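Encoded as structure tokens, here's the structure I'll be asking about.
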Amino acid sequence: MTVNEVRFRQIHLDFHTSELIEGIGSGFDAKQFAKTLDDARVDSINLFVRCHHGMIYYDSKKFPERVHPHLKSRDMLKQQVEACRARGIHVNLYVTVRWDVYSYNEHPEWVAIDAEGRYSDYEKRGYLEAGFYRNLCVNTGYRQFLKENLQEVMEEIPAEGVWFDASFVVECVCPTCMKGMREAGLNPKNAADRKAYSEITYHDWVQDMSAQVRAFNPDYNIFYNKGHVGRVDKPVLDDYTYAAFESLPGGPWGYMDFPVSVKYIRTLGKETVGMTGRFHTSWGDNSSFRNKAALEFECYNMLAQGSKCNIGDQLEPSGVLSEAMYELIGEVYSQVEKKESWCREVVAVTDIGVFTPEEFYGADTGHLPEASEGVCRMLQESGHQFDFIDSAENFLKYKVLILPDVIPVSEEFGRRLQHYLDNGGSIIASFESGLNPEKTMFTLPAWGVRYKGNAPYSPDFIVPSGDIGSGLKQAEHVMYKQGAWVEAEGGERLADAIESVFNRSFEQFSSHLHSPSSGKVGYPAIVKKGRVIYFIHPVFGQYHDNAPLWVKTLVRNALNMLLPDPLLKHNGPSTLLATVNEQAAENRQVVHLLHYIPERRSKTMDIIEDVIPLHDTRISVKVDRDVTGVLLVPDNKPLDYETKDGRIEFLVPKITGHQMVELSFRK
Ligand SMILES: [Zn+2]
């Protein structure tokens, strides 16, 4: 364990506090503050240097004008930090980056300018609306201020790390950025060039700040938060100590954002931290409580994905932590504390690699490509073990690769996929995945189809039969989204598309929704050639849209054909979430079983209220070593198990929310 080990039980303590509010820290007692955290088993906390209002919470000598005017003790941050560290609680110094009301009022020349010439606003809010979302530009004098503020606080208040927040990638056409773009040979009139320059700026700025922090103390933990970690972060991941996934299911993220995002970044070898909130909805939701079952699921799911936990909170202006809130947090974190020995330094065990559409289309806070969410749901609901990967990954690590809906394949990418197939790999591809970037033809003959354009009928229908139709009625099933139009070329047609009587338009339509079937076989719908199965329809985007069970069943059947012996199988319901993590240092694998059911009980968000236990769930795990014991942990209750055909099988008597099962191996 290093001095600054990234901890399991973190709190992110928001303290964005208007300069209009009086009595800041009026009830603050440093010892009580740290005791409340310690009692709730918190072992790391992000504490505020400077908030989105631009207010500072320590006794700054360089920027005294920015210290909150109603701060009772000017060294409140220092007292918070010292009291926490005295109890062994790690502290990350929180610094806001793009949002700072004081700075944009006092230095309008630091505000980023959007392509229309307006002050750039993250939420695209009008000038007269509430909120601190105007973006500052880090290519202006603001960067120097950031660095001086950071240097002063690091020297003044020793801690374990720095958390840069709201560190967004922002397009800007301020005079400095215009000059920078021209020098980089980029055209400010071109949107793609502005985007490229915003990423150049982000990478340059991150490297600059990390160099400053590491020059001060090479052991400091560093993270840059901006609501999503993905493609943009890959070139500068070495400048982060870990990747944290701000992903509050009550906010814009929902429940799919975290698994999709973390399953990619963890493949890049970066330590990960999941982040939810104690809020019912999202940040700033004062005096609201998250349902306990929801908070349990969110934290235990972080452990199941190989991540550590962070719960967001907002400190009251009085500086007093809510005892009721920390009772709730303590109920969950005391359980995390018992579980964490089985969660330290783990690597996910997976047999399916899913190419992330984000590599080609990007992603943003709460906005992930729809195919990503669809494929993640389908595979999770089927008990499959998978990572999201990019085209630079070592494909041979995986038994099956999935190219969901929209993955373009360049010649170089195609060569690597062909090499993977030549070495016994299997591929599932759908819709436009596999087309060249120009979308004129499939890059590899291995797909077994020739591209002709868009399917002439939409919706159309599939009659499932044989292995691909297992578990489905041999009847027409509608495929809502328009597919690709292909001709089989050396591939076997597993299913055909049935045409409708006509495409619906104002001139020709029938009944409320789409047209009925004509019964006429039109064109191939699912084609198999060797170890490649290709679906013409965007099945993953379709599942994200309205989750037809027959679409999931078709994909699951295709996986059964290519991966008859998957890593994990269970006989539980589709609401059971199962993962397998390898803990090499302990010579064991840990199976996580989670059963919490998010339900759409409101217009805006999913709710988890109850823990519904599962009884007598049979689990089968493929193992490549001799198993010497199976234990329910952390209670250390041994389970009977059978070993057969390279698999181990056991019955878990009861899963109450979250259950870990340890499989220990012969040394
Ligand atoms: Zn700028």
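The values are calculated or read from the model by the stated rules, or taken from the named source; none is laboratory data. Predicted model only: the values in this text are computed from it and were never measured. Cβ placement follows ideal geometry from the backbone for every residue including glycine, while neighbour counts extend to all protein chains displayed. The accessibility values were calculated without ligands, DNA or RNA, using every heavy atom of the protein model including side chains. Shrake-Rupley method; radii C 1.70, N 1.55, O 1.52, S 1.80 Å.
Could you report the stretch 352-562's accessible area per residue, 1.4 Å probe, as an integer in Å²?
I get 41 Å² per residue for the stretch 352-562.
What does the convex hull of the alpha-carbon atoms of the stretch 273-313 project to on average, in nm²?
Projected over every direction and averaged, the Cα hull of the stretch 273-313 covers 2.5 nm².
Modelling each spin label as a point 7 Å along the Cα-to-Cβ direction, I'd like the residue 416/residue 489 distance in nm, to one decimal.
Label at residue 416, label at residue 489, 2.4 nm between them.
Looking at the stretch 284-414, send over the antiparallel percent of its DSSP beta bridges, to the nearest 5.
Beta bridges within the stretch 284-414, antiparallel portion: roughly 10 percent.
Which angle between 0 and 90 degrees, to the nearest 10, do you get for helix 142-156 versus the longest principal axis of the chain when only C-alpha atoms count?
70
Now a separate question. Which residues does a label at residue 203 reach in the stretch 179-193, if reach means a backbone N under 16 Å from a point 7 Å past the Cα toward the Cβ?
181, 184-186, 193
Can you tell me the convex hull volume per residue for the stretch 291-408, based on C-alpha atoms, in Å³ to the nearest whole number?
About 156 Å³ per residue, rounded to a whole number.
What number, rounded to the nearest 500 deg cm²/dmol, is the helix-based mean residue ellipticity at 222 nm of the chain, given -39500 (n - 2.57) per DSSP H run of at least four residues and division by all its residues?
The per-residue figure over the chain is -7500 deg cm²/dmol.
How many nm separate the modelled label positions at residue 323 and residue 179, each set 7 Å beyond the Cα in the direction of the Cβ?
Result: 5.8 nm between the two label points.
When the Debye formula is applied to the Cα atoms of the stretch 177-216, each taken as the same point scatterer, what base-10 log of I(q)/I(0) results at q = 0.20, 0.27, 0.28, 0.29 Å⁻¹?
Values, matching the q order: -0.59, -0.81, -0.84, -0.88.
Output the direction-averaged projected area (hull surface divided by four) of the convex hull of the alpha-carbon atoms of the stretch 39-143, in nm².
With the hull built on Cα positions only, its mean projection is 8.6 nm².
Near residue 330, within a Cβ-to-Cβ distance under 13 Å, what is the net charge of the other residues, with Lys and Arg +1 and Asp and Glu -1?
It works out to a net charge of -3.
Quick one: pull the percent of accessible area on the stretch 10-344 belonging to carbon and sulfur, 1.4 Å probe, ligands and nucleic acids left out.
Carbon plus sulfur share of accessible area: 49 percent.
Consider a paramagnetic label point 7 Å from the Cα of residue 289 along Cα→Cβ; state which residues of the stretch 601-633 have an amide N under 18 Å from it.
Of the residues in the stretch 601-633, 607-611 have backbone N under 18 Å from the label point off residue 289.
Now for a separate question. Points 7 angstrom from Cα along the Cβ direction at residue 476 and residue 338: gap in nanometres?
Result: 5.7 nm between the two label points.
Once phi is turned into ³J(HN,Hα) by the Karplus curve 6.51 cos²θ - 1.76 cosθ + 1.60 with θ = phi - 60°, what whole-Hz value does each residue of the stretch 78-94 show in order, with x for glycine and proline?
Values per residue, Gly and Pro as x: 4, 5, 4, 5, 5, 5, 5, 5, 4, 9, x, 8, 5, 10, 9, 7, 8 Hz.
For the stretch 568-665, just list the percent of Cα-Cα distances falling in each 5 Å bin from zero outward, please.
Result returned by the calculation: 3, 12, 24, 23, 15, 10, 6, 4, 2, 1, 0.
State the percentage of accessible surface on the stretch 352-562 attributable to carbon and sulfur atoms; use a 1.4 Å probe and exclude ligands, DNA and RNA.
Within the stretch 352-562, the accessible surface is 49 percent carbon and sulfur.
Something else: Working from the pairwise distances between different alpha carbons, so that the mean of 1/r is found and then inverted, what is the chain's Kirkwood radius in Å?
Taking every pair of different Cα atoms in the chain, averaging 1/r and inverting gives 26.9 Å.
Using only Cα atoms, figure out Rg for the stretch 340-483 and give it as a multiple of 2.2 N^0.38 Å.
1.16
So for the stretch 10-344, Kirkwood radius off the Cα pairs, Stokes-Einstein at 37 °C and 0.692 mPa s: how many µm² s⁻¹?
160
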